[in-house]
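Structure, as structure tokens:
The values are calculated or read from the model by the stated rules, or taken from the named source; none is laboratory data. Just so it is clear, the model here is predicted, and its values are computed rather than measured. Note that each Cβ is placed from the backbone with ideal geometry, even for glycine, and that neighbours are counted across all protein chains shown. Note: accessible area is taken over every heavy atom of the protein model, side chains too, but ligands, DNA and RNA are not part of it. Shrake-Rupley method; radii C 1.70, N 1.55, O 1.52, S 1.80 Å.
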Amino acid sequence: GDWLAFATTRSDYPGATTEKDLIATAYYYYSTNLLSKIAAIIGQKEDAANYQKLAADIKTAFIQEFVTPNGRLVSHTQTAYALALAFDLLPDNLVPKAAAYFAADVQKFGHLTTGFVGTPLLCKTLSAIGRDDLAFMLLNNKKYPSWLYPVLQGATTIWERWDGQKPDGTFQDVGMNSFNHYAYGAIGEWLYRHVAGIDIDTDHPGYKHILLAPHPGGGLKNASAEILTIYGNASSSWKFENEDFVYEVVIPANTTATVTLPYANADQVKQDGLAVKAGFVQKNKDLEINLGSGKYVFRYPAKTLTAAIEVKK
């Protein structure tokens, strides 16, 4: 199940327990979808069609068994909603309602309640439904349960339990209390792909084409990340400097990238000190620029971007 999800001794609350059947069915659907995609890639058309049909049947069963007509899940937990939303297990008309339930639960608690299953999907799913404010709130939380609570307890590694060491200095059950455990470190994916902004393009796998799109927020003044691809280092680094937003990227040799500058207008952006003249598309509030390999520095006024971040809080 959702190993080590948020527990409680309150008599009126059973803890953030997500039904194992719901979790298993969600992953059955996800795994079957993967098999369908893999079969299509390697040319096994019959297998692809069979797995695609099976996935559709699993989704129908999931909705019938675990979703109310109003978009509420029978396990009303952050993990359940993250699974259903991230894996596309809901009818289109119920997605906004389920997303609202999800966000409301995060707001109600003011902290995460997820265990090993839900945590990797938590912040990325909040961001996907347009709630970066809640994702950053969870990231910045310093009280148990949170990522920063262990840090303030002196942790230099990721713990197995959210409270492996309690505020009074005592420890959880020594029989099962690892202090070097990957699972909750899955927040790193969101930090790399969303906050720093290095993402994959599934149409051009292996970082042959890279999506570079930073997402500032949460009071952060800067962020940077790099990934060693088979073509070399790809990096993404942003900062607020004086009144400007400065974004620096490195695109490896023999690759291309689409850079998305948040809340930017082409007439205000400087690329390596010069005006942007070609290769860009204005998409509502953002500016998309298609580039070849190389190192690039973008600078533009941060006023609109910082105002938008404030509104989203």
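Among the residues of segment 63-107, the one identified as within 18 Å of ASP21 (Cβ to Cβ) and among the acidic types (Asp, Glu) is GLU65. Inspect all residues belonging to segment 288-303 and state whether any of them is surrounded by fewer than 19 Cβ atoms within 10 Å (Cβ to Cβ) and under 20 Å from SER127 (Cα atoms). Yes, that holds for at least one residue. Cβ separations smaller than 7 Å between residues 6+ apart or across chains give the following pairs from segment 19-41 residues that are hydroxyl-bearing (Ser, Thr, Tyr) and open to solvent by 40 Å² or more (accessible area, probe 1.4 Å) to residues that are at pLDDT 95 or above and part of a helix (DSSP H, G or I): TYR28/ILE58.
Restricting attention to segment 49-62, and to residues there that are over 24 Å from the mean Cα position of the chain (by Cα) and closer than 17 Å to ASP21 by Cα, which single residue is least open to solvent (accessible area, probe 1.4 Å)? Lay out the reasoning, then the answer.
The first filter runs over segment 49-62 and keeps only residues over 24 Å from the mean Cα position of the chain (by Cα), leaving 49-54, 56-58, 60-61.
Subsequent filtering for residues that are closer than 17 Å to ASP21 by Cα retains 57-58, 60-61.
Details: ASP57: 79, ILE58: 11, THR60: 70, ALA61: 48 Å².
Checking each candidate, the answer is ILE58.
Enumerate the helices (runs of 4 or more DSSP H) found wholly within segment 66-135, keeping only those where 1 or more residues are farther than 22 Å from TYR192 by Cβ. Ranges flagged: 78-86, 95-109.
Of the candidates ASP92, ASP57, the single residue that is closer than 27 Å to PHE136 by Cα and charged (D, E, K, R) is ASP92.
Is it true that TYR296 is touching a residue at least 40 places away in the same chain (Cβ under 8 Å), closer than 27 Å to GLY232 by Cα and touching an Asp or Glu at 6+ places or on another chain (Cβ under 7 Å)?
It is true that TYR296 is touching a residue at least 40 places away in the same chain (Cβ under 8 Å), closer than 27 Å to GLY232 by Cα and touching an Asp or Glu at 6+ places or on another chain (Cβ under 7 Å).
The residues of segment 66-75 that are open to solvent by 50 Å² or more (accessible area, probe 1.4 Å) and either out of contact with any helix residue (DSSP H, G or I) (no Cβ under 7 Å at 6 or more places or on another chain) or more than 26 Å from ASP2 (Cβ to Cβ) (or both) amount to a single one, PRO69.
Say we look at segment 82-103 and pick out the residues that are free of Cβ contacts under 8 Å to residues at least 40 places away in the same chain and small (Gly, Ala, Ser); which of these is farthest from ALA61 (Cα to Cα)? Even if it seems obvious, please write down each step before you answer.
Going residue by residue through segment 82-103, those that are free of Cβ contacts under 8 Å to residues at least 40 places away in the same chain are 88, 90-103.
With the extra rule that they be small (Gly, Ala, Ser), the set shrinks to 98-100, 103.
On the way: ALA98: 17, ALA99: 20, ALA100: 23, ALA103: 25 Å.
Per the stated criteria, the residue is ALA103.
In the set VAL74, VAL67, VAL106, only one residue is under 27 Å from ASN177 (Cα atoms) and either free of Cβ contacts under 8 Å to residues at least 60 places away in the same chain or not hydroxyl-bearing (Ser, Thr, Tyr) (or both); that residue is VAL106. Filter segment 108-135 down to the residues that are closer than 11 Å to GLY218 by Cβ and more than 11 Å from the chain's Cα centre (by Cα), then identify the one that is least open to solvent (accessible area, probe 1.4 Å). Among residues in segment 108-135 that are closer than 11 Å to GLY218 by Cβ and more than 11 Å from the chain's Cα centre (by Cα), the one least open to solvent (accessible area, probe 1.4 Å) is LEU134.
Annotation note: Cβ proximity below 8 Å between a residue of segment 158-176 that is of a type in the set (A, V, I, L, M) and a residue that is assigned to a loop (DSSP other than H, G, I, E, B) and surrounded by 10 or more Cβ atoms within 10 Å (Cβ to Cβ) (sequence gap 6+ or interchain) occurs for ILE158/ASN180; ILE158/HIS181; ILE158/TYR182; MET176/GLU160.
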